[in-house]
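For reference, the structure is listed below as C-alpha cells.
The values are calculated or read from the model by the stated rules, or taken from the named source; none is laboratory data. Keep in mind that what you see is a predicted model, and the values were worked out from it rather than measured. A quick note on method: Cβ atoms are made from the backbone with ideal geometry, for glycine too, and the neighbour counts reach across all protein chains shown. To get the accessible areas, we keep the full protein, side chains included, count just its heavy atoms, and leave off ligands, DNA and RNA. Shrake-Rupley method; radii C 1.70, N 1.55, O 1.52, S 1.80 Å.
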Amino acid sequence: MSDIDIRTTGQAGRITLTRSKALNAMTYQMCLAIEEALEEWRNNDDVSVIVIDAEGDRAFCSGGDIAELYATGTQGDFAYGQKFWADEYRLNHKIFSYPKPVISFLQGFTMGGGVGIGCHGSHRIVGESSQIAMPEVGIGLVPDVGGSLMLALAPGRVGEYLGTTAARMNASDAIYAGFADTYIPQSMWKNAISALETEGDPTCLEAFATEAPEGVLSRQIAQIDACFAGESLDDIRRTLAADDSPFAEQARKMMARNAPLSMACTVEMIHRLRGPSLSMEKALDLEYRFTSRAMEHGDFLEGIRAAIIDKDRQPKWQYAEGDVPAVAVAKMLAPLGKNPLSLTQETDMNTFNIGFIGLGNMGAPMASNLAAAGHRVTGFDTAGTTAKGVEISATVEAACAGADFVFTMLPNGAIMRAVSAQVLPAMKKGATLVDCSTVDVDSARDVGAQAASIGIGFVDAPVSGGVGGAAGGTLTFMAGGSDTAFAAASGLFDIMGQKAVHCGGAGAGQAAKICNNMILGATMIATCEAFALADKLGLDRQKMFDVASTSSGSSWSMNTYCPAPGVGPKTPADNGYAPGFAAELMLKDLGLSQQAAEAVDADTPMGALARTLYARFVEDEDGRGKDFSAMLPRFEKRGRDS
Ligand code: NAD
C-alpha cells in the first residue's frame with residue numbers, strides 16, 4: 001500500500017507511515033494493515049522489537065482520515081463509522097498490550113488517531129518539533145483511541161485541561177503528561193532506529209537520550225488544578241469565568257471553539273475513569289459509547305462540516321448557550337446494550353444466566369441493563385413488578401435455579417437474610433450471589449459465610465448513584481468479597497455501573513457505603529443550614545453558591561446536588577423535592593452507620609446528630625417521601641429555639 005511501508009529490517013518489525021502529503025492521517029486501510037503486521041510478528045522469533053515512524057517533517061500522524069466518515073454519516077449510514085472506530089480501538093488496544101517492545105518516533109503533529117498509534121507503545125520518542133494533542137472536542141468528538149486513559153492518568157487536573165482546551169504539548173509537556181517517555185534530538189533518530197534494527201533491544205536508546213527543552217505544563221500545574229477541579233464542565237467554566245488571570249483567559253478562548261457536549265462528556269469520562277478500576281479496556285469502552293452515538297446524537301457531523309467541508313469555522317453546536325444538562329451527558333455515555341465494543345475480532349462475550357430478586361426502583365433498571373447487554377435474566381419480586389427484557393418467574397427458587405449469578409436488590413438486612421436463605425439452596429455450586437442492597441455489615445458477613453460453606457461465591461456490592469445511575473448504567477459499586485468472586489462479577493458491574501471498587505472481604509462494601517453516606521448526611525445538613533443562615537443574612541443564593549461551590553465549602557452536596565432550587569445544576573430541589581434519594585433512605589443509612597459505630601465502639605458525634613435530625617424530619621416533620629435535600633425548607637422555617 002502506498003500510504004504505509006511495512007517490512008522487517010534486522011530484528012525490527014518496521015512500520016513507516018508514508019502519507020506525508022496528508023500529514024500521515026490514518027485511513028481505515030492503514031489501520032487494518034498495521035493490525036495484520038502486528039499479528040504476524042507477535043509469535044515471529046525473528047522480530048524482537050516493533051519500530052513505528054513516519055515520513056515528512058510536519059507530522060508523525062495528524063489524526064484519523066475523517067472525510068469518509070462524514071460522507072457515510074451525512075447519508076444516515078452510522079454503521080460505517082461505528083465499525084471504523086471499533087476496528088481502530090482494537091488496534092490501539094493491541095499496541096497497548098503488545099508482548100514485544102513497540103517504539104514510536106513522534107515528530108511534528110501527533111494528534112487524535114496519531115496518539116492512538118504512537119502513544120500506547122512501550123517507548124515513545126519525542127524531539128524538538130513534536131506537538132502532541134487530543135483535539136477531538138473541536139470536531140464534536142471526545143478524546144478517544146485510548147487517549148482518555150492517558151488524560152485520566154495525567155498529573156492533577158492536566159487531563160481535564162488538555163481534553164477540554166485541546167492544548168498542544170511540546171516534547172517536555174508530553175513527557176510530563178504521560179504521552180511520551182524519552183527525548184532524543186531528531187538528528188539522531190536515524191542512528192537510533194539503526195541501533196534498534198541491529199540490536200533488537202530498546203535499552204540501546206539510552207545512549208541517544210538527552211534532557212528535553214523546558215515545557216509549560218509543569219509551571220502551570222497550580223493554575224490548572226485550581227481552575228479544572230470542578231465536578232462538571234459547568235463548574236470548570238464558572239471557575240474560569242471568575243478568574244481574570246491570562247491563563248484563565250487563554251483557556252476560556254480555547255474552550256469557546258469546542259463543542260460543549262463533547263467537553264462535558266470529556267470531563268465526565270475522565271472523572272469516571274480516574275480511580276482504582278482504571279484500565280485501557282474501560283477507557284476504550286467509554287469512548288466507544290460516545291463515538292458510536294456521535295453522528296446521530298452528538299455534534300460530530302456539524303464539527304466536520306465547519307472544519308473540513310465548508311471550512312467556515314462557525315459550527316452550530318448543541319448547548320452553545322448555557323449549561324450542558326447532566327442527562328445529555330448520561331445519554332451519550334450510557335451502556336450500549338447488545339452492541340458494546342469488542343476488543344477481539346470475533347465477539348467473545350460470555351452470556352450468563354442471571355437471577356435477579358427485587359425489581360424495585362433500583363433493581364428493575366439494573367436487571368434491564370443486564371438483559372440489554374445480552375444476558376438471560378430471570379427476575380422475581382413479591383410485589384409482582386417487572387423489568388424490560390427480564391423474564392419473570394413465579395418463585396425465588398425458580399429464578400435462581402441454574403443461574404451463574406444471582407443479584408438481590410432488597411429494602412433491608414432482615415429481608416436480605418430471609419431471601420438469601422431461599423436463594424442459596426437453589427443455586428448451583430460455583431455460582432456467585434451478589435447482594436446490592438444497602439444492609440448492615442453483619443448481615444453481609446453472615447450471608448457471605450453461609451455462601452462460602454456451600455461452595456457459592458458472595459459479593460456484597462451496595463451502590464451509589466441512585467435511580468438515575470441505575471437507569472443510565474453509571475452506578476458506583478462498593479464491593480466486599482473474595483478476589484475470585486469480585487473478579488467473576490466485575491464484567492457485570494461494568495454493564496450496570498461506571499466504577500466498582502473492591503474494598504476487602506465480605507462486608508467491606510457495606511462498611512464503605514455506610515461511611516460514605518454518613519459523610520453525605522452530615523454535609524447535606526451543613527449545606528442546608530448554611531443556605532438558611534445565608535438567607536437570614538440577606539445573601540443572594542446564587543452568590544452563595546458561586547462562592548461555596550468553588551471554595552473550601554464545596555462538596556458533592558453543594559456542587560452536584562445543590563439543595564437550593566434554581567441554583568447550580570438541576571436537582572430534586574428544582575422538582576419540588578420529589579426524591580431522588582428519599583429522606584427515609586438516608587435515615588436508614590445513618591441508622592446503619594450508628595449501629596456499626598456502636599458495635600465497634602467508634603465515636604461518631606456528627607453521624608449521630610445527623611441521624612437524630614433525619615429521624616425527626618422523617619417521623620415528626622413531614623419529611624417522609626421527600627428528597628433528603630428537603631432539609632433546606634425545614635431549616636428555612638425555623639429559628640434558633642424551634
Ligand atoms: P424499592 O423498595 O423500590 O425496591 C425493593 C424491592 O424489593 C421492592 O420491589 C419489593 O417488592 C421487593 N421485595 C421486598 N421483599 C422481597 C422478597 N422477599 N422477595 C422478593 N422481592 C422483595 O427500593 P429501592 O429504591 O430499589 O432500593 C433497594 C435497595 O437499594 C435498598 O437497600 C436501598 O437502601 C438501596 N439504595 C437505594 C437507592 C435509591 O436511590 N433508591 C440508592 C442507593 C441504594
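Here's the yes/no breakdown for (1) of a type outside the set (S, T, N, Q); (2) open to solvent by less than 30 Å² (accessible area, probe 1.4 Å); (3) assigned to a helix (DSSP H, G or I); (4) at pLDDT below 90:
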residue	(1), (2), (3), (4)
GLU302	yes, no, yes, no
ALA307	yes, yes, yes, no
LYS311	yes, no, no, no
ASP348	yes, no, no, yes
PHE356	yes, yes, no, no
ASN361	no, no, no, no
ALA364	yes, yes, yes, no
Subset of segment 395-426, residues outside any helix (DSSP H, G or I), open to solvent by 60 Å² or more (accessible area, probe 1.4 Å) and more than 13 Å from GLY358 (Cα to Cα), comes to ALA401
Kindly provide the set of residues from segment 432-452 that are more than 16 Å from the ligand (Cβ to nearest atom) and either buried (at least 24 other Cβ atoms within 10 Å of the Cβ) or outside the structural domain of LEU492 (by TED's automatic domain parsing) (or both), ordered by number. THR432, GLY448, ALA451
Do you know which residues across segment 575-632 are touching a residue at least 40 places away in the same chain (Cβ under 8 Å), part of a helix (DSSP H, G or I) and of a type in the set (S, T, N, Q)? SER593, GLN595, SER629
Taking segment 152-183 on its own, how many of its residues are free of Cβ contacts under 8 Å to residues at least 60 places away in the same chain and assigned to a loop (DSSP other than H, G, I, E, B)? 5
Going by what's in this entry, would ALA180 be described as at pLDDT 95 or above, assigned by TED's automatic domain parsing to the domain that holds TYR70, within 21 Å of LEU91 (Cβ to Cβ) and not polar (S, T, N, Q)? yes
What residue, among those in segment 551-574 that are more than 12 Å from the ligand (Cβ to nearest atom) and assigned to a helix (DSSP H, G or I), is surrounded by the most Cβ atoms within 10 Å (Cβ to Cβ)? MET558
Would a scan of segment 107-122 turn up a residue that is outside the structural domain of PHE228 (by TED's automatic domain parsing), surrounded by fewer than 18 Cβ atoms within 10 Å (Cβ to Cβ) and touching a strand residue (DSSP E or B) at 6+ places or on another chain (Cβ under 6 Å)? yes
Across segment 459-484, what is the total count of residues that are crowded, with 24+ Cβ neighbours inside 10 Å and either under 19 Å from CYS400 (Cα atoms) or away from the ligand (no atom under 16 Å from the Cβ) (or both)? 4
Cβ-Cβ distance below 8 Å, separation of 6 or more or different chains: which pairs start in segment 220-235 with a residue that is on the phi > 0 side of the Ramachandran plot and end on one that is part of a loop (DSSP other than H, G, I, E, B)? none
Taking the options THR27, THR18, THR74, name whichever one is more than 31 Å from the chain's Cα centre (by Cα) and at negative phi. THR18
Within segment 391-412, how many residues are within 16 Å of LYS428 (Cα to Cα) and more than 10 Å from the ligand (Cβ to nearest atom)? 10
VAL423 being within 11 Å of the ligand (Cβ to nearest atom), within 30 Å of LEU587 (Cβ to Cβ) and in contact (Cβ under 8 Å) with a residue 40 or more places away in the chain: yes
Do we find that ALA444 is closer than 11 Å to ALA506 by Cα, in contact (Cβ under 8 Å) with a residue 12 or more places away in the chain and not in a strand (DSSP E or B) in this structure? yes
If VAL137 meets every condition in (1) in contact (Cβ under 8 Å) with a residue 40 or more places away in the chain; (2) farther than 20 Å from ALA306 by Cβ; (3) hydrophobic (A, V, I, L, M, F, W, C) apart from one, which number is that one? (2)
Filter segment 233-269 down to residues that are assigned to a loop (DSSP other than H, G, I, E, B) and buried (at least 21 other Cβ atoms within 10 Å of the Cβ), then give me how many there are. 2
Is at least one residue of segment 382-391 open to solvent by 50 Å² or more (accessible area, probe 1.4 Å), touching a residue at least 40 places away in the same chain (Cβ under 8 Å) and not polar (S, T, N, Q)? no
Number of the condition not met by ASP535 [criteria: (1) more than 16 Å from the ligand (Cβ to nearest atom); (2) under 26 Å from LEU278 (Cα atoms); (3) not hydroxyl-bearing (Ser, Thr, Tyr)]: (2)
Out of all the residues in segment 563-574, which are touching a residue at least 24 places away in the same chain (Cβ under 8 Å) and within 23 Å of CYS227 (Cβ to Cβ)? VAL567, PRO569
Does segment 281-296 include one or more residues that are of a type outside the set (D, E, K, R), in a loop (DSSP other than H, G, I, E, B) and open to solvent by less than 10 Å² (accessible area, probe 1.4 Å)? no
Checking the condition closer than 24 Å to LEU475 by Cβ and without any contact (Cβ under 8 Å) to a residue 60 or more places away in the chain, which residue from VAL324, VAL329, VAL377 passes? VAL377
